[in-house]
Structures are given as structure tokens and as C-alpha cells.
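Novice: The structure that follows is given in the form of C-alpha cells.
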Amino acid sequence: MKFLRYEYLSIVNWGWLLEDKIGKIEGDIFGEYRRFEANIPISEVRFLPPVIPSKIICLGRNYASHAVEHQVDVPEIPLIFLKPPSSLIGHGGKIVLPPQSKQVEHEAELAVIIGKTGRWIDPEKADEYIFGYTIANDVTARDLQKFDGQWTRGKGFDTFCPVGPFIETDFDSSDALITCKINQQIRQMSSTRDMVFPVEKLIAFISSIMTIEPGDLILTGTPAGVGQLKTDDQIEIEIEGIGRLENIVVSKDG
């Protein structure tokens, strides 16, 4: 099933998707909820980030090809960092280029949505904690990331985490094609099978450090092909089985 958050007639709701129509949801999608008839045209809503996470946990260098293009080693254990929830925007939202950076880049990624609270999770039981999957763009100010030596500033600007458009609960993360296009030109193309650490191991590792909670996002890393973004660029990130996340790039004054 596909879930989403949307704004319609100035009201924000959870919803579910049936073909090209949205049905309202009342309640907690991670607990008890009620679905209403799908009668809202998808073309009439504004997409919001499909979750409201307590934290966004990201993976660095989880594709060997991406480590190679940056001339760094593949990590021996998962390399994690955090993006603030304030960096979230939805499908159709605008990525704002900050004046502090001269090199903002895209990073197409599969994102995991956690469905229940967990700590010290066995990899073999990790699936029990997954609510679904979505698409993410770990937008990065690469020059600031390199200058600072740690990644909070380069990864943490407002609008630097586009996510959506849907949560797909029926998805196999073991071998799905990820494609990123900028202005219709392919920049990234790879499969999730090329991850260094698969989703189950990531959940086990992260939960050995921190408690994961319903709605938390795990961005599983990006393959090779990351590149610079410029004002008016149109970004399309597609993951087979989930859909397509589209955003536009604007300047601070745009």
C-alpha cells in the first residue's frame, strides 16, 4: 500500500493512494487508523514529507562506487550521520541553494521508514521494524562538508532532505533500480543490491547505538554519479517499485 501526507483545501492529512486518487486517513498509520474512500484527485494536493521523524539517520559511503569517486575508503562498519528534521521538504518542493556554498550536490537514495520502537535489533528480525520505504535526496554542500571535516553544516541546511512522494509498504529492498536525472539527463543509476551494508544490517547497527522510533528515517546511502546542482535544475529521482520524487532548485532569493 502507498501512504502519504498531503495538504488539500488548506488541511493537512495522512492519506492512502488508489490509482490516481487519494483517500483520507484518520488515526495513526503506525498504530490504529481508519481509511476513507479514495476520491481526491492526486493533481489537486500539495505533497508533504510522508513522515515526521524524530531523527533522520544517514549512511555515508554505503556504495563502493561512491567511495571510489570521492577517493576514500569503503568503511569497515556503517558510517552514520544525522540530518535535522528541519531539512525535510516534500515532492514538488524547492531546494534552496545557500549563499554559504559554491558546490551543492544531489545524492539519490532509498529511505527506510521505521514502524515501531526498537533497540538492539537482531538483523534477522529487522523486517519487523520496517513500516515501508520512500525516496530521498541527501542534498549536500560538498565544499562545506570538506572544509568542516564533519558533516553537520554541509548536510543540514533547510530544504536539504527532499523525501517522498509516498511510503510504499510492499517493497523488496534487495535489488531495486535507483535513477537520478537532472534536466532529463541521467546522472546516477544503480541497484540497491550494490549497497555495502544491506538494510537489515543497517537497522541492527543503528539500533545498537540509539533507539529507533516510529516515523524515523534511515537514508541508506547514494551510488556514484553525484553532481552539482544549479538554479532552475529539475531533479527526478526514481526507484522502481516506489515512484518518482521531483524537486526544483532555486537560489536563496528565488
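Novice: Restricting to region 192-209, name every residue that is more than 13 Å from Gly221 (Cα to Cα) and among the aliphatic types (A, V, I, L, M).
Specialist: Passing the criteria: Ile203, Ala204, Ile206, Ile209.
Novice: Follow-up question, since we're still on this one. For the list (1) surrounded by 19 or more Cβ atoms within 10 Å (Cβ to Cβ); (2) outside any helix (DSSP H, G or I); (3) out of contact with any His (no Cβ under 6 Å at 6 or more places or on another chain), I need the number of the one condition that Pro165 fails.
Specialist: Among (1) surrounded by 19 or more Cβ atoms within 10 Å (Cβ to Cβ); (2) outside any helix (DSSP H, G or I); (3) out of contact with any His (no Cβ under 6 Å at 6 or more places or on another chain), the lone unmet condition for Pro165 is (3).
Novice: Oh, and also: Residue under question is Ser87, and the condition is that it be over 30 Å from Ile29 (Cβ atoms) and hydroxyl-bearing (Ser, Thr, Tyr); does it hold?
Specialist: no
Novice: Could I ask something else about it? Which condition number does Ala176 fail, the rest of (1) at pLDDT 95 or above; (2) over 26 Å from Lys2 (Cβ atoms) being met?
Specialist: Tallying (1) at pLDDT 95 or above; (2) over 26 Å from Lys2 (Cβ atoms), Ala176 fails exactly one: (2).
Novice: Report, ordered by the first and then the second residue, all pairs with beta carbons closer than 6 Å, sequence separation of six or more or different chains, a first member in region 1-23 that is touching a residue at least 60 places away in the same chain (Cβ under 8 Å), and a second member that is basic (Lys, Arg).
Specialist: Between residues of region 1-23 that are touching a residue at least 60 places away in the same chain (Cβ under 8 Å) and residues that are basic (Lys, Arg), the close pairs are Leu17/Lys2.
Novice: Still on this structure, please answer the following. Are any residues in region 171-225 without any contact (Cβ under 8 Å) to a residue 24 or more places away in the chain and charged (D, E, K, R), and if so, which ones?
Specialist: Asp175, Arg193, listed by residue number.
Novice: Being touching a Pro at 6+ places or on another chain (Cβ under 7 Å), outside any loop (DSSP other than H, G, I, E, B) and surrounded by 15 or more Cβ atoms within 10 Å (Cβ to Cβ) narrows it down to one residue among Ile95, Ile80, Ile113; which is it?
Specialist: Step by step, each of Ile95, Ile80, Ile113 is checked, and only Ile95 is touching a Pro at 6+ places or on another chain (Cβ under 7 Å), outside any loop (DSSP other than H, G, I, E, B) and surrounded by 15 or more Cβ atoms within 10 Å (Cβ to Cβ).
Novice: So, one more: Could you tell me whether any residue of region 124-144 is outside any strand (DSSP E or B), within 21 Å of Thr231 (Cα to Cα) and in contact with a Leu (Cβ under 9 Å, 6 or more places away or on another chain)?
Specialist: Yes, there is a match, as at least one residue in region 124-144 is outside any strand (DSSP E or B), within 21 Å of Thr231 (Cα to Cα) and in contact with a Leu (Cβ under 9 Å, 6 or more places away or on another chain).
Novice: Quick check: anything in region 30-49 hydrophobic (A, V, I, L, M, F, W, C) and part of a loop (DSSP other than H, G, I, E, B)?
Specialist: The answer is yes, given that some residue of region 30-49 is hydrophobic (A, V, I, L, M, F, W, C) and part of a loop (DSSP other than H, G, I, E, B).
Novice: Take the conditions more than 22 Å from Val12 (Cα to Cα), of a type in the set (Phe, Trp, Tyr) and at pLDDT 95 or above and apply them to Phe147. Does it pass?
Specialist: yes
The values are calculated or read from the model by the stated rules, or taken from the named source; none is laboratory data. All values reported here derive from a predicted model rather than from experimental measurement. Cβ coordinates were reconstructed from backbone atoms using ideal geometry, including for glycine residues, and neighbour counts include every protein chain displayed.
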